[in-house]
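Before any comments, here is the structure.
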Amino acid sequence: MPLPKQSLADALRHTSALSKDGQFAAAAAEYAALAAEAEKVRNRRRAANTHALAALDFATAREPNAAMQHARAAFKEFFDLRLYQRAPTFYLSLLRIADERKLIRLVDALRTEFSAQIVIYTAEARKESFPETKLPATCPGCGLAMRPELVDWISDARAECDFCGTVMDAQ
């Protein structure tokens with residue numbers, strides 16, 4: 001049974017707080033559960049983003065196998081949904097974390113599996129640059145930090161949160 005919107009927002013806030021508090025393994029496990037829930041209700045964008053967050057936190061927690069598992073799930077959706085901005089941003093973030101944590105096998109696996117597609121997506125992302133507007137610091141619906149690559153731009157002045165679906169006005 002899908003989570004009610006408020007429960008989802010609470011779960012995302014709680015999980016984000018775990019990550020901010022340095023409890024990366026716990027946050028990663030919760031993001032993985034949220035990704036599974038999003039898959040059940042066929043919310044592919046939320047599933048992709050929560051898999052990505054799980055991968056980032058698993059890498060930070062030095063769990064490269066789990067990080068790669070969730071990276072693959074995130075990339076599959078990013079590529080299928082043609083999220084040209086999101087895929088390269090996630091790729092570079094995960095590579096940076098893996099490199100900082102000295103997870104050499106994860107770095108090699110990411111480069112081997114995804115670098116060619118990321119080159120294509122980086123070129124496409126340049127064609128679809130983000131509007132020159134500023135988002136609120138956090139989503140008014142779920143409380144997650146907002147970045148241009150984590151929203152679906154409805155217009156140059158309005159965006160929808162990929163996690164909870166809240167529509168917000170850019171500033």
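The values are calculated or read from the model by the stated rules, or taken from the named source; none is laboratory data. Note that this is a predicted model, so its numbers are computed, not measured.
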For region 34-85, enumerate the residues that are in a loop (DSSP other than H, G, I, E, B) and either modelled with pLDDT of 95 or more or within 24 Å of Asp10 (Cα to Cα) (or both). Val41, Arg42, Asn43, Ala61, Arg62, Glu63
So, Ser93, is that one within 16 Å of the chain's Cα centre (by Cα) and either modelled with pLDDT of 85 or more or not charged (D, E, K, R) (or both) or not? yes
What residue, among those in region 149-159 that are under 17 Å from the mean Cα position of the chain (by Cα) and more than 16 Å from Thr50 (Cα to Cα), is modelled with the highest pLDDT? Ala159
